[in-house]
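Each remark here refers to the structure printed beneath this line.
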There are 2 protein chains.
Amino acid sequence: MSSLRHIIETPAKWLDGTGEESEIILSCRVRLARNLDRTPFPHRAKPAAMKKTLASLKEALAECPSMKKAVAIDLGAITPSERMLLLERHLISIDMTQNHKNRALVVLKGEGMSAMINEEDHLRLQSISSGFSAAEAFTRLDRLDGELDDRLDFAFSDTLGYLTACPTNVGTGLRVSAMVHLPGLVHNKDISQVIKGLSNVRLAVRGMYGEGSNAMGNMFQISNSITLGVSEGETVSSLESYLRKVLEFEKKARETLLKKARSLLEDKICRAHGVLKTARLVTSREAMDLMSAVRLGIGLGIITDVSISRLNELLVMIKPLHLQQLHGRPMEPDERDRVRADYIRSRLGGS
Amino acid sequence: MSSLRHIIETPAKWLDGTGEESEIILSCRVRLARNLDRTPFPHRAKPAAMKKTLASLKEALAECPSMKKAVAIDLGAITPSERMLLLERHLISIDMTQNHKNRALVVLKGEGMSAMINEEDHLRLQSISSGFSAAEAFTRLDRLDGELDDRLDFAFSDTLGYLTACPTNVGTGLRVSAMVHLPGLVHNKDISQVIKGLSNVRLAVRGMYGEGSNAMGNMFQISNSITLGVSEGETVSSLESYLRKVLEFEKKARETLLKKARSLLEDKICRAHGVLKTARLVTSREAMDLMSAVRLGIGLGIITDVSISRLNELLVMIKPLHLQQLHGRPMEPDERDRVRADYIRSRLGGS
């Protein structure tokens with residue numbers, strides 16, 4: 001798949017670290033769930049119906065000005081490893097790595113905008129951008145939504161809003177989320193309090209790969225859980241305002257940490273950098289922890305010769321399938337720990 | 001004390017790593033205990049007698065061609081910190097840091113040869129040289145012994161040999177020891193077997209600072225424990241031949257380690273180097289362990305940009321009194337950990 005290769009060999013634009021507060025807020029992601037009117041949802045559809053949906057959605061997307069330069073990747077036409085690679089890039093869901101028949105990904109180069117076809121819903125539109133940028137990501141996706149609305153009949157109820165396969169998405173079909181780096185709150189143990197507070201205002205906090213995934217390297221995903229009875233604009237601005245609070249809490253936690261134990265913190269950060277630059281074997285989990293310390297070091301001005309974009313790139317590139325892709329063959333975990341360490345050293349100017 | 005400053009600001013020659021096998025055998029040290037005939041041993045002598053002994057021994061040493069360029073340091077005339085500094089350089093004993101009245105150190109620049117006056121014995125002559133070099137160190141010290149013998153009457157019994165304050169030194173008064181780095185044997189847990197084997201042939205194994213000190217950083221001191229009924233030459237060549245065996249065992253242990261777990265070993269070594277080059281706080285014990293790993297890395301050809309002499313220099317320079325001397329003031333342990341880390345980074349080209 002040359003179009004697949006083209007995608008995965010270009011770094012995702014939203015990892016470039018250019019957005020506001022991108023050391024703490026890596027990225028904001030907006031997702032819209034849409035379904036075709038009078039068409040069975042994928043989990044109830046026969047293959048022929050799925051095929052038809054796939055064809056008409058690919059066609060509609062190809063016509064949208066926003067997706068003019070996108071490529072379509074039929075998930076049934078690529079290898080299981082390649083599907084895992086797309087999962088590691090947050091472009092398809094875990095479910096789609098298994099259920100791939102009559103399913104496709106349509107994605108812009110740079111991966112700022114993409115669409116999954118025949119996942120849980122007929123259409124899952126996604127927009128990701130760097131830093132504190134939920135509104136920007138939403139504006140972009142809203143435009144695409146409008147372009148598609150001109151070409152398709154979406155399943156819509158005047159009382160409920162957009163209809164979706166799962167009731168939790170009915171209404172706006174909108175999920176806004178932010179990937180945030182909260183080492184300060186983890187370290188001072190306020191994180192569970194913050195998570196509890198967010199859940200009280202109906203915001204969910206999860207690990208880096210969504211529902212059911214653990215928080216590694218002090219990375220969390222914060223997202224809205226309500227889609228019914230609120231407007232899209234309210235959803236975005238509410239998430240942004242709570243995100244602003246989390247950002248404040250994290251910064252305050254870091255200040256306290258620095259005041260209480262600057263030397264220990266500097267030592268931990270600098271050692272983490274040293275280990276990443278010299279280790280010959282490193283597991284994914286340890287790498288995530290070490291990179292979290294280095295990222296914090298950048299935020300505090302302690303580390304000055306590593307960029308956020310380099311760390312963001314590593315977040316993706318050290319994942320198993322990306323490492324295998326780099327070496328063109330499957331590898332046992334031990335060997336992966338070795339090539340992961342090699343890759344990190346090469347990208348951080350280690351020895 | 002400008003002569004003291006002169007000594008401690010020059011690196012000890014025996015740390016220069018130029019001797020044979022100096023990665024594993026840091027140095028060989030030879031010590032001769034000598035006492036003046038018909039003169040009370042220091043622990044039984046009155047101050048006036050000690051004073052007289054001190055004067056005559058200083059005079060005799062000053063006349064010896066071997067010690068022509070030596071400086072004499074009266075231990076009662078320097079500060080407690082300065083005495084600790086001399087202890088850290090292996091130039092005086094722990095006892096002499098406390099009991100310093102009418103005691104002196106006479107030492108050559110480069111510290112290859114020195115004499116303690118009025119320690120346990122009237123005279124403790126010491127010669128240290130780099131690497132596998134017991135014979136060389138002995139030859140040098142034997143010459144000095146001869147030069148002194150021409151000038152002094154030593155307490156000597158035709159049946160027992162040289163008489164000393166402690167019966168364990170009677171006979172040759174000779175102690176030959178080697179400081180050895182045995183990470184392979186420690187790692188494969190054969191070290192206790194080796195220590196047992198050496199004690200069976202009457203060789204003692206101790207930590208880096210002699211009797212009662214713990215082995216840190218996989219450093220051990222191996223020395224003869226018999227001075228009676230053997231010649232000086234036999235003592236030296238016997239220690240050398242067992243040392244040769246220990247060297248073989250250590251090399252074999254390393255080969256096995258490499259065969260069984262090369263990646264893990266490389267990882268440990270390179271990380272240790274990385275941590276030394278980046279840490280902001282490091283205790284003496286941790287530094288010793290990390291430096292042991294780096295030293296092993298040099299021995300195995302894994303680390304190529306650090307020299308043995310640089311590591312040897314650090315062994316001494318990171319000790320508490322040397323760090324305080326460098327900064328010109330007493331320090332709390334926390335601060336020492338910081339300046340120790342700073343010093344190591346500066347000497348290893350860290351960041």
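The values are calculated or read from the model by the stated rules, or taken from the named source; none is laboratory data. Quantities reported herein were computed from a predicted structural model and do not represent experimental measurements. All Cβ positions, even for glycine, are placed from backbone atoms using ideal geometry, and neighbour counts span all protein chains on display. Heavy atoms of the whole protein, side chains included, go into the accessibility calculation; ligands, DNA and RNA do not. Shrake-Rupley method; radii C 1.70, N 1.55, O 1.52, S 1.80 Å.
Observations on the structure shown:
- For region B:200-351: rounded, prolate or oblate by the Cα gyration tensor [a/c cutoff 1.5]: oblate
- In region A:222-267, comparing the full protein assembly with the chain on its own, the residues that lose 10 Å² or more of accessible surface at a 1.4 Å probe are A:SER263, A:LEU264, A:GLU266, A:ASP267.
- Neighbourhood charge, 11 Å Cβ-Cβ cut-off, centred on A:ILE308 and excluding it, Lys, Arg +1 and Asp, Glu -1: -2
- When each of B:LYS13/B:LYS260; B:LYS13/B:LYS319; A:LYS259/B:LYS268; B:LYS13/B:LYS251; A:LYS69/A:LYS251 is checked by Cα-Cα distance, pairs over 29 Å: B:LYS13/B:LYS260; A:LYS259/B:LYS268; A:LYS69/A:LYS251
- Furthest towards positive pole of dipole, B:CYS166, B:GLN221, B:PRO330, structure part chain B, Cβ charges: B:PRO330
- Neighbours of A:GLY217 by Cβ distance under 10 Å: Lys/Arg scored +1, Asp/Glu scored -1, total 0.
- Cα-based helix-to-principal-axis angle, A:134-149 vs chain A, degrees rounded to 10: 20
- Spin-label model distance (nm) - A:LYS251 vs A:SER157, 7 Å beyond Cα toward Cβ: 4.3
- Across the options A:ALA60, A:MET116, A:ILE94, the greatest Cα extent toward the positive end of the charge dipole of region A:33-124 (unit charges at beta carbon of Lys, Arg, Asp, Glu) belongs to A:ALA60.
- Based on C-alpha pairs under 8 angstrom that are at least 6 apart in sequence, region B:90-182 has a relative contact order of 16 percent.
- J(HN,Hα) series, region A:8-16, from Karplus relation 6.51 cos²θ - 1.76 cosθ + 1.60, nearest Hz, glycine and proline x: 6, 8, 9, x, 5, 4, 6, 8, 6
- Its relative contact order, with pairs defined as Cα atoms under 8 Å and 6+ residues apart, puts region A:34-171 at 30 percent.
- For region A:18-83, the set of trypsin sites (Lys or Arg not before Pro) satisfying both a DSSP loop assignment and a count of at most 12 other C-beta atoms within 10 Å is given as A:ARG38, A:LYS68, A:LYS69.
- Mean separation of Cα contacts under 8 Å, 6 or more apart, over the residue count of chain A: relative contact order %: 20
- For A:LYS68, inter-copy label distances in nm, listed shortest first [label point 7 Å out on the Cα-Cβ vector]: 9.2
- Virtual spin-label span in nm between A:THR168 and A:VAL316, 7 Å along Cα→Cβ: 2.6
- Coupling constants for region B:117-132 follow from the phi torsions by the Karplus curve (6.51 cos²θ - 1.76 cosθ + 1.60, θ = phi - 60°), and in residue order they are 9, 6, 7, 4, 9, 4, 9, 10, 8, 9, 9, 10, 9, 6, x, 6 Hz; glycine and proline get x.
- Distances in nm from A:THR283 to the matching label points in the other copies, shortest first (labels 7 Å along Cα to Cβ): 2.5
- Inter-label distance for A:LYS68 and A:THR139, nm, one decimal - labels placed 7 Å from Cα along Cα-to-Cβ: 1.9
- Cleavage-rule hits (trypsin sites (Lys or Arg not before Pro)) in region A:149-219: DSSP loop, at most 15 neighbouring Cβ within 10 angstrom: A:ARG151, A:LYS189, A:ARG202
- Accessible surface buried by the B/A pair amounts to about 1300 Å², both sides summed, 1.4 Å probe.
- From helices alone, the protein assembly as shown scores -15000 deg cm²/dmol at 222 nm; the rule is -39500 (n - 2.57) for each run of n ≥ 4 DSSP H residues, then divide by the residue total.
- For the rotational copy relationship between B and A, the axis lies nearest to a chain B beta carbon, identified with its distance in whole angstrom as B:GLY274, 2.
- Computed about the Cα centre, the dipole magnitude for region B:2-250 is approximately 740 debye when only Lys and Arg (+1) and Asp and Glu (-1) carry charge, each at its Cβ.
- Hz values of 3J(HN,Hα) by residue in region B:49-62 - Karplus curve (6.51, -1.76, 1.60), Gly and Pro given as x: 5, 4, 4, 5, 4, 4, 5, 5, 6, 4, 5, 4, 4, 4
- Amide H to amide H, with H built 1.01 Å from N, A:GLY131 comes under 5 Å of A:GLY19, A:SER27, A:CYS28, counting only residues 5 or more places away or on other chains.
- Taking the Cα centre of region A:261-348 as reference, the dipole from Cβ charges on Lys and Arg (+1) and Asp and Glu (-1) amounts to some 100 debye.
- Residue (of A:PHE41, A:LEU182, A:LEU239) at the positive-pole extreme of chain A, dipole from beta-carbon charges: A:LEU182
- Each Lys and Arg Cβ is given +1 and each Asp and Glu Cβ -1; about its Cα centre, the protein assembly as shown then shows a dipole of about 360 debye.
- Area of B:VAL294 that stays accessible when all protein chains are in place (1.4 Å probe, Å², to 10): 0
- Only protein atoms count toward the accessible area here, which uses a 1.4 Å probe; on the protein assembly as shown, the carbon and sulfur part of that area reaches 52 percent.
- Amide hydrogen proximity for A:ILE92: with H placed 1.01 Å from N in the peptide plane, the residues at 5 or more positions away or on another chain lying under 5 Å are A:LEU87.
- Rounded accessible area per residue of chain A, 1.4 Å, Å²: 44
- Per-copy distances of the A:THR10 label point, shortest first, in nm (7 angstrom along Cα→Cβ): 6.8
- Global geometry of chain A, whether rounded, prolate or oblate, following the gyration tensor of its Cα atoms and the 1.5 cut on a/c: oblate
- For B:ILE73, residues with placed amide H under 5 Å, excluding near neighbours: B:LEU105, B:VAL106, B:VAL107
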